[in-house]
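Visitor: First the structure, then my questions, so here it is.
The values are calculated or read from the model by the stated rules, or taken from the named source; none is laboratory data. Fair warning: this is a prediction, and the values are worked out from it, not measured in the lab. Backbone-built Cβ (ideal geometry, glycine too); neighbour counts: all protein chains shown. Side chains included, ligands, DNA and RNA excluded: accessible areas come from the protein's heavy atoms. Shrake-Rupley method; radii C 1.70, N 1.55, O 1.52, S 1.80 Å.
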Amino acid sequence: MKKIILFFLLFFTSIYYSYSQELPNLKHIKLNKKAHYKDAEPTALKVTTYLFETPINKKNSSRTEAGQFLIKWMNGTLDYTFFLGEKETNYFNTDSDLMLMYMAGLTKFTLENSTIKDQKELVLGTMRLVLPYLDKQEDKKSWSKELWQLNDANQKGKLEEFLYN
């Protein structure tokens, strides 16, 4: 009996993880009208989750497609304004994949915390999503000295002081 329960537990866990990294067919999602962008909010959130669940890999066409969709959605939605401040984005501008993850983090944090409007809170929340993800990546060759310092400050719990003092 215990073996049967263990088998089903492992089976359903593997199904859950295999579906958690699937994307909807983004090519069929229209973004022509304001209503399309509102309807696509759940998809945008799924895309950000997908990006955070998969490692950075320039050869992964699904990640590329997800990134293109996300940027198109961010640029077209009228319900949210995504401010990409120079100070914050300078840490990531050495690599398009790093910048995409910052944008994904900003979208994810904004959609999950829609009542927060303060730019400083949005940036801190975004960084707290993005930096642990980036720290897990194997390839850190494109990291600037400043990004290393930012990551170190985050790990020491001094992110706000590093960014705003």
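Visitor: Do you know which residues across region 71-113 are open to solvent by less than 70 Å² (accessible area, probe 1.4 Å), hydrophobic (A, V, I, L, M, F, W, C), out of contact with any Leu (no Cβ under 8 Å at 6 or more places or on another chain) and part of a loop (DSSP other than H, G, I, E, B)?
Guide: none
Visitor: Taking only pairs six or more apart or across chains, which ones have beta-carbon atoms under 8 Å, a first residue in region 134-153 that is open to solvent by 80 Å² or more (accessible area, probe 1.4 Å), and a second residue that is in a loop (DSSP other than H, G, I, E, B) and of a type in the set (A, V, I, L, M, F, W, C)?
Guide: Close Cβ pairs (under 8 Å, with a partner that is in a loop (DSSP other than H, G, I, E, B) and of a type in the set (A, V, I, L, M, F, W, C)) amount to Asp139/Ile56.
Visitor: Something else about it: Could you say which residue among Leu111, Leu147 is touching a helix residue (DSSP H, G or I) at 6+ places or on another chain (Cβ under 8 Å), among the aliphatic types (A, V, I, L, M) and within 19 Å of Asn93 (Cα to Cα)?
Guide: None of the others qualify; the one that does is Leu147.
Visitor: Checking Ile116 against (1) part of a helix (DSSP H, G or I); (2) hydrophobic (A, V, I, L, M, F, W, C); (3) free of Cβ contacts under 8 Å to residues at least 24 places away in the same chain, only one condition comes out false. Which one?
Guide: Every listed condition holds for Ile116 apart from (1).
Visitor: I'd like the residue in region 46-57 that is open to solvent by 50 Å² or more (accessible area, probe 1.4 Å) and in a helix (DSSP H, G or I) and, out of all such residues, is nearest to Phe109 (Cα to Cα).
Guide: Lys46
Visitor: Still on this model: Tally time: how many residues in region 135-160 are assigned to a helix (DSSP H, G or I) and over 24 Å from Thr81 (Cα atoms)?
Guide: 13
Visitor: Further, regarding this structure: Exactly one of these conditions fails for Lys30: (1) loosely packed, with under 13 Cβ neighbours inside 10 Å; (2) in a helix (DSSP H, G or I). Give me its number.
Guide: If we test Lys30 against (1) loosely packed, with under 13 Cβ neighbours inside 10 Å; (2) in a helix (DSSP H, G or I), just (2) comes out false.
Visitor: Which of the residues that make up region 57-108 are among the β-branched types (Val, Ile, Thr), in contact with a helix residue (DSSP H, G or I) (Cβ under 8 Å, 6 or more places away or on another chain) and farther than 17 Å from Arg128 by Cβ?
Guide: Selection gives Ile71, Thr77, Thr94.
Visitor: Sticking with this one: When you check Leu163 against the structure, is it over 16 Å from Lys87 (Cα atoms) and either touching a residue at least 24 places away in the same chain (Cβ under 8 Å) or touching a strand residue (DSSP E or B) at 6+ places or on another chain (Cβ under 8 Å) (or both), yes or no?
Guide: no
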